[in-house]
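As structure tokens, the structure follows; a few thoughts come after it.
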Amino acid sequence: MRILVIGSGGREHALTWKLRESLRMEEIYCAPGNAGIAQEAECVPVDTAKPGALLELANWLRADLTVVGPEAPLVAGIVDDFERAGRPIVGPSKAAARLEGSKIFAKEFMTRHGIPTARCAIAESYSQAIEALAAFRWPLVIKADGLAAGKGVVIAANPDEAVRALDDFMQRKILGEAGERVVIEECLTGSEMSFIVLTDGQGVVELAPTQDHKRLLDGDAGPNTGGMGAYSDDAILNLAGRNEIMARVVRPTLKGLAAEGIHYRGFLYCGLMMTAEGPQVLEYNVRLGDPETQPIMMRLRSDLVELLLATRDGTLASREAHWTPNPAVCVVLASAGYPAAPETGREITGYESAEGLGGVKVFHAGTRVEDHKLLTAGGRVMGVTASSEDLASAIQRAYSAAEKIHFEGVQYRHDIAKHGLENRAPKPGGTLPVTPNHRGYPAAKVPPV
Ligand code: AMP
Ligand code: GLY
């Protein structure tokens, strides 16, 4: 089996690392990859913004399966291109990828199908947007319609901040076309969770639940980022909670897509706020999360190639994924200046001794090699990921490893997964119940909708 992975982040490194374990694997390629992926797969420098070139590469490699990491090629329609050419790929079509590519499409879709989400207004012009503000309490949330690489959501505490965001998006057009239309929505409170499934449209395999840490600084302060760390632990969500999400969000989403003639195949990421009224969808992503994929892959026991082949073949309903009960924690090391203007080209040392600690894997993101030196090459540089028997020791392991890695200006959060330690008893009026001792994460038995 020849597999091609598309992308260059920590997510793609974790995917490649896991795919390589499969007995079905013969050759694995990544386009374009990074310095860490290059140790596990053959990297080919093809730009992910060029779907035509990626199809040419997959044809040339005679890839039996292509797996797409980032959203941009999916939203651009890479899956349709591959399918037209008869080249196997796992991912949603261009029509299905609108769930991530257009926040307006996603909100209207959720309204049409009764999927719980924040109350919103859609504004096609600046004057409509200003007018719509009056219908919400402060703070409110302003979202650019299109893809904005994590820069398209502003939580505005007061009218000044809201007007500034609308000026930026709709008048100064700092995000280009992506910000020409906006969603304005109520601000939800609760705890956030990333609930990701793999589906062939009918069968659904739930991935282990994860929590991301989107803000740059400890205590959820500072600007939003792509994600400064994530962890996965069964205690994030018990069986009743998973069943509720499947019944209220995942199944209605798949049913709604099917009713609209859209066949969904691939990973579907539901970004949820767990509110006192139950789960509410903050966003859909039509792919795996980054960094969520790092702890997920560390916990996955099943053969990922088998699961992806079943997705390709439409036989996922007969599959289950098996997980180690051990929690996994990923701490992202980022460059100075991230997320606004990351400094790159700094030498990285100590990563080998970090991996020398048992139960640790360092997934590379923005790294490259020059003159036999490992250098930083992006905002998020590495995801130091550790697994252990309990969450406290997984956290400790991840931080012991992170401390061994050095580059000038390195920044990372010191509180990744820490609230998971406090989250072990139900909070009054808070999130869905958690199961302190739940172990083993069996596949949920969910009645079809
Ligand atoms: P999104 O890209 O829609 O997930 O938004 C990015 C981040 O903004 C989310 O992960 C949340 O932290 C925050 N966010 C988005 N929508 C809301 C909302 N309605 N209420 C509170 N926070 C939100
Ligand atoms: N970590 C959030 C995302 O992948 O969108």
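The values are calculated or read from the model by the stated rules, or taken from the named source; none is laboratory data. Bear in mind the structure is a predicted one, so any value in this text is a computation, not a measurement. Reconstructed Cβ throughout: ideal geometry from the backbone, glycine too, with neighbour counts over all protein chains shown.
Listing for the model above:
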| quantity | calculated |
| --- | --- |
| Enumeration of residues in the range 211-234 that are in contact with a Gly (Cβ under 7 Å, 6 or more places away or on another chain) and either of a type in the set (Val, Ile, Thr) or more than 16 Å from ligand 1 (Cβ to nearest atom) (or both) | 225, 233 |
| Looking only at the range 168-178, and only at residues there that are away from ligand 2 (no atom under 16 Å from the Cβ) and without any contact (Cβ under 8 Å) to a residue 40 or more places away in the chain, the one that is nearest to residue 76 (Cα to Cα) | 177 |
| In the range 282-304, the residues that are touching a helix residue (DSSP H, G or I) at 6+ places or on another chain (Cβ under 6 Å) and over 26 Å from residue 384 (Cβ atoms) | 284, 286 |
| Which listed residue, of 370, 292, is surrounded by fewer than 18 Cβ atoms within 10 Å (Cβ to Cβ) and at negative phi | 370 |
| In the range 182-204, the residues that are out of contact with any helix residue (DSSP H, G or I) (no Cβ under 6 Å at 6 or more places or on another chain) and either away from ligand 2 (no atom under 16 Å from the Cβ) or among the polar types (S, T, N, Q) (or both) | 185, 186, 187, 188, 189, 190, 191, 194, 199, 201, 204 |
| Those residues of the range 249-269 which are more than 11 Å from ligand 2 (Cβ to nearest atom), outside any helix (DSSP H, G or I) and within 18 Å of the chain's Cα centre (by Cα), in sequence order | 264, 265, 266, 268 |
| Among residues of the range 171-205, those that are of a type in the set (Val, Ile, Thr), touching a Ser or Thr at 6+ places or on another chain (Cβ under 9 Å) and within 13 Å of ligand 1 (Cβ to nearest atom), counted | 1 |
| The range 245-294: number of residues that are within 16 Å of ligand 1 (Cβ to nearest atom) and closer than 18 Å to residue 119 by Cα | 17 |
| Single residue of the range 168-223 satisfying the filter (of a type in the set (Ser, Thr, Tyr), outside any loop (DSSP other than H, G, I, E, B) and more than 15 Å from the chain's Cα centre (by Cα)) that is nearest to residue 129 (Cα to Cα) | 191 |
| Residue within the range 142-153 that is out of contact with any strand residue (DSSP E or B) (no Cβ under 7 Å at 6 or more places or on another chain) and charged (D, E, K, R) present | yes |
| One residue from 282, 300, 272 being crowded, with 23+ Cβ neighbours inside 10 Å and either modelled with pLDDT of 95 or more or over 23 Å from residue 328 (Cβ atoms) (or both) | 272 |
| Pair list, Cβ < 9 Å and 6+ apart or interchain, from the range 137-158 residues that are within 20 Å of residue 9 (Cβ to Cβ) and assigned to a loop (DSSP other than H, G, I, E, B) to residues that are acidic (Asp, Glu) and within 15 Å of ligand 2 (Cβ to nearest atom) | 147/71; 147/100 |
| Residue pairs meeting the criteria (Cβ under 8 Å; at least 6 apart or on separate chains; first modelled with pLDDT of 90 or more, in the range 211-227; second more than 10 Å from ligand 1 (Cβ to nearest atom) and of a type in the set (Phe, Trp, Tyr)) | 211/231; 216/338; 225/338 |
